[in-house]
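See below for the structure under consideration.
Nothing in this text is a laboratory measurement; each read-out follows from the coordinates by a stated rule. Given the structure is predicted, the values throughout are model-derived calculations rather than measurements. Methodologically, a virtual Cβ is constructed for each residue, glycine included, from the backbone with ideal geometry; neighbour enumeration extends over all protein chains shown.
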Amino acid sequence: MSIDPWVERLDNNPNFKTIFSFLKFLRENNLRQSALATKYGSILLNKYPSKLGSDFWSVTEQVFIAALDSGDINTANKCLASLEKRFPKSIRVKRLRGLSYEHSKKYSEATQLYKELLSANPTDTFAMKRQICIAKAKGKISNAILLLNEYLKIFMGDQEAWMELAELYISEQLYQYAAFCYEEVLLSSPENYHFYVKYAEVLYTIGGDKNYELALKYYSHALELSENNNTRAFYGLCLTLHAIDKKGISLKVNQQDLYLSLIHI
């Protein structure tokens, strides 16, 4: 989604209405234009606080996150101080404080804060996910895997979490566990050919007669589901057929014809 028309409007006439509408547009479309959000959001907070009314605090939060993301620490600290003064007991603001700790690499303080949040609410998904991010940032992949598994015991339907866990297992060369994660993903999204490719790649990496044959099936299914050329699946199919041929694994005639026909698509 292009923001060029917005940038042009802001350059020509950065008034209250234009800036407010732009920030609302970013929020509603979940767009990450941190530098612009910080620049123009700060103008709203400094020049038009009374006109913002009840939206003042949502804009303050938006500018805080954008400033943190773009590295404008002074602006981020000002926004956070304002929020903490206005909402001293707010869970939402405490989460923002945690993000500030993380940005400053104060991982011990952030971890302690998230533990307190989880003590009050054991199903606080934000705190659980941030703990995982901290473990990854510190290079403690085994701990991140442990935390993700704990998270998925509660939120088994979180597809992105299964994908992330699979990637972590792959980084540790634990391919059998990664395969299980992709199986979970495929159960929830059987129409997404990208997941078939990823699963097939793991099967190919594990190797062995059974896994090679399964990899062929999933690569071929990914090609069948693809509306456009799927180079990754095609290449994987070729590599797997080569591996099967090299190891002398025999395929059924109808299977072999199917895979050869897919190669010639």
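Computed quantities for the displayed model
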read-out	value
Kirkwood hydrodynamic radius over Cα pairs of segment 111-177, then Stokes diffusion coefficient at 37 °C and 0.692 mPa s, in µm²/s	270 µm²/s
Highest-fluctuation residue, ALA67, ALA76, ALA120 considered, GNM on the chain with Cα pairs under 10 Å	ALA120
Residue with peak Gaussian network fluctuation, the chain [Cα springs, cutoff 10 Å], from ASP55, ASP209, ASP11	ASP11
Nearest-0.05 FRET efficiency for ASN192 and SER171, computed from C-beta distance (R0 25 Å)	0.65
Distance histogram in 10 Å bins (all Cα pairs of segment 158-254, percent per bin)	17, 46, 32, 5, 0
Proportion of all alpha-carbon pairs of segment 96-147 beyond 12 Å (%)	59 percent
Charge context of ALA179, other residues only, Cβ under 11 angstrom, K/R +1, D/E -1	-2
Residue among ASN192, ASN13, ASN121 with the largest mean-square fluctuation in a Gaussian network model of the chain, springs linking Cα atoms under 10 Å	ASN13
Under 10 Å, Cβ to Cβ, from LEU96 - net charge with Lys/Arg +1 and Asp/Glu -1	+2
Förster radius 22 Å - calculated FRET efficiency between ARG97 and ASN121 (Cβ-Cβ, nearest 0.05)	0.85
Cα centroid separation - segment 121-136 against segment 1-69, whole Å	28 Å
Projected-area mean, segment 19-149, by convex hull of Cα positions, square nanometres	8.5 nm²
Using a Förster distance of 51 Å, the FRET efficiency for ASN15-LYS217 (Cβ separation, nearest 0.05)	0.30
Per residue convex hull volume, Cα atoms of the chain, in Å³	161 Å³
